[in-house]
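What follows draws every value from the coordinates through simple rules; no lab data is involved. Note that the structure is predicted; figures quoted are calculated from it, not measured. Don't worry about glycine lacking a Cβ; one is built from the backbone with ideal geometry, like all the others, and counts go over all protein chains shown.
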Amino acid sequence: MAKAKTAYVCGDCGAEYNKWQGQCVACGAWNTLSEFVVQPASSSGKSSVGAHRDGYAGASKETAKVMPLTEVAAETESRTLTGIGELDRVLGGGLVDGSVVLIGGDPGIGKSTLLLQMLGTLGAKLPGVYVTGEESLGQVASRAQRLGLPLEPLHALAETGIERILEQVQHSKPRVLIIDSIQTIWTDLLTAAPGSVSQVRESAAKLTRFAKQTGTSVLLVGHVTKEGGIAGPRVLEHMVDAVLYFEGESGSRFRVLRAFKNRFGAVNELGVFAMSDKGLREVPNPSAIFLSAHASPTPGSAIMVTREGTRPLLVEVQALVDQSSLGNPRRVALGLEQNRLAMLLAVLHRHGGVAAYDQDVFVNVVGGIRVQETAADLPVLLAVRSSLRDRPLPDKTVAFGEVGLSGEIRPVPNGEERLKEAAHHGFRRAIVPKANLPKKKRIGDLEIVGVERLAEALDAAD
Ligand code: TYD
Ligand code: MG
């Protein structure tokens, strides 16, 4: 067998080098290269860094041929419902056999709890092994007891060496393998410390290969770094089938599970949970919890209907606009895109006649959730103007709609569904893009106002 060689891999972009260097030429990042062992491929003679490449190519050694897709039998993935509805929704309708799912989140957010609960509800239907590199077996057992889970189907292993883990599970043949966390796992092949990019990457590559070869579903827990990425950031996201983030505000008992990438389902799908002393409970109707409870309308607050994933959700957008003492006023967006906010403020000035160039503007989505769709444009601007004038929006009003650069209000998908959600929660008035107007001007008690231009929308919200 050929000798293993060493390569250096950039943790940010994955570029490979023969020698260590301070800066990655490909992406320009400093100090991101780390050591990585190149496994010589036994048959083809080509070496491959990162086993995920050959992992996906399959084990076949025949020459591949060009095929018309009509002659290829489509693979249908087989799925198992985990029994936790909100988790199944985010996974795209259950756990897919042989899939690799990365679950990221801040320490203490509830990742271990969620996965242990999942193993419990899967029970004997899909036997699993929980590999812990952070806690002792006794701690896992006491957590399972506290959560009131049935103990018989739960199997755990306290081990961090990937070779030993794989050897163990070759014998016990679980259908689900949970690795808590990938940052604690290391391989004998590398001298780098556990948690370093190269260790995380090589261990994850081995686990991915194991999943694809045996059809075992592998769930990896990944702690999020200070910069907000999972250690070995880009590299891990490429290797796995799905990346889910578990998020929530410290101090709030609500937790949101979000699909960031999913080969088997919609991205941006949200699952909502509430923490309790008996573990995570599902919140099947989350709209109510994302509205902060104001007794009376307050300036700077606008309610929107977002549709992240496959269901509509009412969320509150808050803005604080204040005289700036800086030459370059601040624009801060939490839960929204920063650059879009700058653009929207320019549109508000040009087409709405509302100037904020000498004001600091802070915008926040309540509940720690993130809204990525453009339907937030109109509610953001309504909240900004409301704060600037220190005058609340009319009571029981919702809004959504994309705002274009020429001040036009553009339609968003699934307008009617959003309106029904607003009506369902007792709202009286909706300001929406004209193209989203349903045939009837009313849904229940909800009066619907269609607008074409930003100026019209501002008038409608006066
Ligand atoms: P844990 O699942 O260990 O978080 P992570 O694996 O993401 O670091 O949860 C952190 C702590 O919160 C732990 O002490 C248990 C507690 N907890 C509850 O009491 N109830 C809950 O519903 C959850 C999710 C956690
Ligand atoms: Mg944990």
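To the nearest 20 Debye, how big is the dipole of the chain about its Cα centre, given +1 on the beta carbon of each Lys and Arg and -1 on that of each Asp and Glu?
Its charge dipole is roughly 480 debye.
Suppose we flag GluC sites (Glu not before Pro) only when DSSP calls them loop and at most 10 other Cβ atoms lie within 10 Å. Which is the longest uninterrupted stretch of the chain?
Longest stretch, sites excluded: 228-462.
Using helices alone, what [θ] at 222 nm do you get for the chain, with -39,500 (n - 2.57) per DSSP H run of 4 or more residues, divided over all residues and rounded to the nearest 500? Present the calculation step by step, with values, prior to reporting the outcome.
Values: 11 runs with 116 residues, N = 462.
Taking each H run of at least 4 residues, the total per residue is -7500 deg cm²/dmol.
Modelling each spin label as a point 7 Å along the Cα-to-Cβ direction, I'd like the residue 170/residue 447 distance in nm, to one decimal.
Each label point lies 7 Å from its Cα, and together they span 7.3 nm.
Which pairs break 18 Å Cα to Cα here: 65/261; 125/206; 5/212; 420/441; 173/212?
Checking Cα-Cα distances, 65/261; 125/206; 5/212 exceed 18 Å.
Name the helices (complete DSSP H segments) of the chain with a Cα length along the long axis of 24 Å or more and a Kyte-Doolittle mean of at least -1.0, or state none.
Span-like helices here: 197-214.
Would you pull out the residues with amide H under 5 Å of residue 133's amide H, same chain only if 5 or more places away, H placed 1.01 Å from N?
180, 181
Among DSSP beta bridges whose residues both lie in segment 316-389, state the antiparallel percentage, nearest 5.
So the antiparallel bridges amount to about 65 percent of the total.
Using 0.36 nm per residue of separation minus the Cα-Cα distance, give me the extension gain between residue 16 and residue 428 in nm, one decimal. Please report the intermediate quantities before stating the final value.
On the way: separation 412, 0.36 × 412 = 148.32 nm, distance 5.82 nm.
Contour length minus the Cα-Cα distance gives 142.5 nm.
Under the 0.36 nm per residue contour assumption, what length would be gained going from the current alpha-carbon distance of residue 69 and residue 414 to full extension? Provide the component values of the computation, followed by the final result.
On the way: separation 345, 0.36 × 345 = 124.20 nm, distance 3.24 nm.
Full extension of this stretch gives 121.0 nm more.
List the chymotrypsin sites (Phe, Trp or Tyr not before Pro) within segment 278-384 that DSSP assigns to loop and that have no more than 15 neighbouring Cβ atoms inside 10 Å.
357
Normalised by the number of residues in segment 81-284, what is the relative contact order in percent for Cα pairs under 8 Å and 6+ residues apart?
Across segment 81-284, relative contact order equals 30 percent.
Enumerate the calculated ³J(HN,Hα) couplings along segment 318-331 in order (Karplus 6.51 cos²θ - 1.76 cosθ + 1.60, θ = phi - 60°), each rounded to whole Hz, writing x wherever the residue is Gly or Pro.
The phi angles translate into 10, 10, 10, 10, 9, 3, 8, 9, 9, x, 10, x, 8, 10 Hz.
Say each of residue 334 and residue 349 gets a label point 7 Å from the Cα, pointing the same way as Cα to Cβ; how far apart are those two points in nm?
2.6 nm
Residue 276 to residue 106: extension gain in nm, 0.36 nm per residue of separation minus the Cα-Cα distance? Intermediate values should be presented prior to the final figure.
Details: separation 170, 0.36 × 170 = 61.20 nm, distance 1.82 nm.
Contour length minus Cα-Cα distance gives 59.4 nm.
Under 14 Å Cα-Cα from residue 439, which aspartates and glutamates qualify once same-chain neighbours fewer than 8 residues away are excluded?
416, 417, 447
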